[in-house]
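J.: Would you mind keeping the following structure in view while I ask a few things?
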Amino acid sequence: MSVDLLIFQQLKLKNMKKLFLMLAVLFFALSINAQEKVKQQEVGLIFSGLNSFGLTYRIGSNKSLWRFQTLFFKGSSSSDALADSLFNEKSSIMLTARVGKEFRANILEKLEFRYGGDILFGFSENKSKRNDISRFDRDNLDKNTAYSVGINLMIGLNYVFNNRLVIGAELLPSVRYTKTIRVDQNTIGDEIKREGNGITYGISNNSARLSVLFRF
């Protein structure tokens, strides 16, 4: 066997070893990546204060999930007697829907760091009505309605119990555009309508939330 042929075979063998080594490393990396990304779903309740709550559903992997939060609301209704035939009735409601994406990384075995963002849509209405049931029937109404759209960032933590029960906390700084409509109706039935709009940003009383989730 010539020296040139021997050198060629050695070089070919080295290249084959490099190729097999590269394929093995690539296969190992893909295997680890496949093991790390586990399909995951979560459903549960979200809270902001004592009188505001809603539902959340999240689907994806343990590294990133789509998040859907709907019917995040608070409502109240009351009626006070101002006189025998005169009552003051008040009611309020707020509905919010959010769709977004969040990413996760493990800090400790049971502690997860979360970050992401949402697109949000909101509706709120506050009514104050003076109901006169006497023969004069001097009712009046003050109604404020607001529609909003915006985006929010999200940063938070999860603590996982038994791989199923998840307690979470998150902070949601946001930018929001809101259109407001105010209707005033006086005692003789005349109606005055006023409209306005504005942009708000930053952190408000509703920017911090807690969640209780079931993971499957």
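The values are calculated or read from the model by the stated rules, or taken from the named source; none is laboratory data. Since the structure is predicted, the reported quantities are computational estimates derived from the model, not experimental observations. All Cβ positions, even for glycine, are placed from backbone atoms using ideal geometry, and neighbour counts span all protein chains on display.
J.: Tell me which residues, restricted to segment 137-195, are within 29 Å of residue 45 (Cβ to Cβ) and among the small types (Gly, Ala, Ser).
T.: Across segment 137-195, the qualifying residues are 146, 148, 150, 156, 168, 169, 174.
Okay, residues lined up against (1) surrounded by 15 or more Cβ atoms within 10 Å (Cβ to Cβ); (2) among the aliphatic types (A, V, I, L, M):
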| position | (1), (2) |
| --- | --- |
| 158 | yes, no |
| 165 | no, yes |
| 168 | yes, no |
| 178 | yes, no |
| 199 | no, yes |
| 205 | no, no |
| 210 | yes, yes |
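J.: Right, next: Pairs, please: C-beta under 6 Å, at least 6 apart or cross-chain, first residue more than 30 Å from residue 143 (Cα to Cα) and at pLDDT 95 or above and in segment 108-123, second of a type in the set (S, T, N, Q) and part of a strand (DSSP E or B)?
T.: 112/106; 112/158
J.: If you check residue 156 against the conditions, is it closer than 26 Å to residue 108 by Cα, modelled with pLDDT of 95 or more, of a type in the set (Gly, Ala, Ser) and in contact with a Lys or Arg (Cβ under 7 Å, 6 or more places away or on another chain)?
T.: Spelling it out, residue 156 is indeed closer than 26 Å to residue 108 by Cα, modelled with pLDDT of 95 or more, of a type in the set (Gly, Ala, Ser) and in contact with a Lys or Arg (Cβ under 7 Å, 6 or more places away or on another chain).
J.: Can you pull out every residue in segment 65-107 that is of a type in the set (Asp, Glu) and modelled with pLDDT under 70? Outline the logic, then answer.
T.: First, pick out the residues of segment 65-107 that are of a type in the set (Asp, Glu): 80, 84, 89, 102.
80, 84, listed by residue number.
J.: Give the residues of segment 188-212 that are in a loop (DSSP other than H, G, I, E, B), small (Gly, Ala, Ser) and closer than 17 Å to residue 177 by Cα, sorted by residue number. Before you say what the answer is, go through the steps one by one.
T.: Going residue by residue through segment 188-212, those that are in a loop (DSSP other than H, G, I, E, B) are 188-190, 203-207.
Filter once more, so that each one left must be small (Gly, Ala, Ser): 189, 204, 207.
Within segment 188-212, 204, 207 meet the criteria.
J.: Can you find, within segment 185-216, the residue that is modelled with the lowest pLDDT among those that are hydrophobic (A, V, I, L, M, F, W, C) and more than 27 Å from residue 142 (Cα to Cα)?
T.: Applying the filter and picking the extreme gives 203.
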